[in-house]
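Worksheet: the structure to be examined is printed underneath.
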């Protein structure tokens, strides 16, 4: 019997309607799962479902919650009654074609294998070799293998242009993708590129701690790849950094702001090998040093809180040029977090930023320590315990006089003797 011989009216009367939709779906699922067993049992049947099956098979309806059935018996009953050739034909007539889930899964997996097999860029190969990386690509592609293939090809073209030399993200996106917003935050290609480049997971910890917003974190990740985002915002503040570039000559003793654009596009020639370069957390310290010491102040850089892209780029350049970075920050949990980051990422050493310094400072300065999760100082395991015991915050401005003493001592050539 073919589909044209289906008795639609009688079939709808027997198995049709919303009331029996769940029953039909359970029967359909056996075909869609590829189940080959003839005999099976349906459990948790509602009374009207039991009556429908019993009527189809010519059985007496019983008040049981389950019913043992044979597919061949259902096929024979429908065919003998002249309603349809089989149960499968009946189900497809009422609710549409059945799918083959096993075949669909195999076909879909083949499509994903094809999409991923064309990858040659090593960073993307590593990305999709990782379960989390594969899941990310699939999510960004809305589970569409063809869309994923396009995204991966676009990401590979972007990666071929990295690292940049101060290229703006918008310009890179326009050149490579034909869309100046194609690498904006939240866009799929940009997300894949950053993940493939193994962005520093510490930044995610910083974001979770509420010390830095996501926008700034992404700006820093791009900066590490030589790409600028809002390159003229949040410049790095410094004072008396020795430099060879004629175009950056400025009045000694006056604070200088360096944009991320300038630092990446034309990296300055820093003359800091084997020299102490002091790093503070708060801009007020730079202002005090400029007012008090002027041109006699030792080289000083400000992170302005958790260092953003420009500050990180400057610190990385100074460290690469051989500077001995010495860091001081606020004695609070946020300050210790920032200190851990600066010392770990740029090889800085503490500058009056230990337990002894804290205890001495609390004798004259400090305010109540806010509640929060304690942070262990990686350079001084006892510092967090001392802060928790004293329950006092000491901001940098409170110890400015002590910091100025360290920034004052220079020799006749402007070279600062190393601090022990």
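Read the figures in this text as sums done on the coordinates, not as results from a lab. This one's a predicted model, so the numbers in the text were calculated from it and none came from an experiment. Cβ coordinates were reconstructed from backbone atoms using ideal geometry, including for glycine residues, and neighbour counts include every protein chain displayed.
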>> Of the candidates 317, 109, 39, which one comes out as most mobile in a Gaussian network treatment of the chain with C-alpha springs shorter than 10 Å?
In response: 39
>> Taking each pair of distinct Cα atoms in the chain once, what is the resulting Kirkwood hydrodynamic radius in Å?
In response: 27.2 Å
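Quick check: from the Cα gyration tensor, does the stretch 233-330 come out rounded (a/c under 1.5), prolate or oblate?
Rounded is the answer for the stretch 233-330, as its axis ratio a/c remains below 1.5.
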>> Under 8 Å for C-alpha pairs, at least 6 residues apart: give me the relative contact order for the stretch 232-408, rounded to a whole percent.
In response: 22 percent
>> If I build a Gaussian network model for the chain, linking alpha-carbon pairs within less than 10 angstrom, which residue out of 180, 84, 259 has the largest mean-square fluctuation?
In response: 84
>> Considering only C-alpha atoms, what is the centroid distance from the stretch 146-203 to the stretch 98-127, in Å?
In response: 22 Å
> Relative contact order (percent) for the stretch 1-148, with alpha-carbon contacts under 8 angstrom and 6 or more residues of separation?
Replying inline: 26 percent
> To the nearest 10 degrees, how steeply does helix 214-224 sit against the main Cα axis of the chain, on a 0 to 90 scale?
Replying inline: 70 degrees
> Just from its helices, what would the mean residue ellipticity at 222 nm be for the chain, if runs of 4 or more DSSP H residues each count -39500 (n - 2.57) and the sum is divided by every residue, rounded to the nearest 500 deg cm²/dmol?
Replying inline: -14500 deg cm²/dmol
> Given the stretch 102-198, what whole percent of its Cα pairs are spread farther than 20 Å?
Replying inline: 34 percent
> So how far, in whole Å, is the C-alpha centre of the stretch 36-97 from the one of the stretch 236-315?
Replying inline: 82 Å
>> Using only Cα atoms and rounding to the nearest 10 degrees, what angle (0 to 90) does helix 71-80 make with the longest principal axis of the chain?
In response: 50 degrees
> Cα gyration tensor of the stretch 3-99, axes a ≥ b ≥ c as square roots of the eigenvalues: rounded (a/c below 1.5), prolate (a/b > b/c) or oblate?
Replying inline: rounded
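Among 387, 244, 404, 306, which comes first, second and so on when ranked by fewest other beta-carbon atoms within 10 Å?
244, 404, 306, 387
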>> Nearest 10 degrees is fine. How inclined is helix 309-320 to the longest principal axis of the chain, computing both from alpha carbons?
In response: 60 degrees
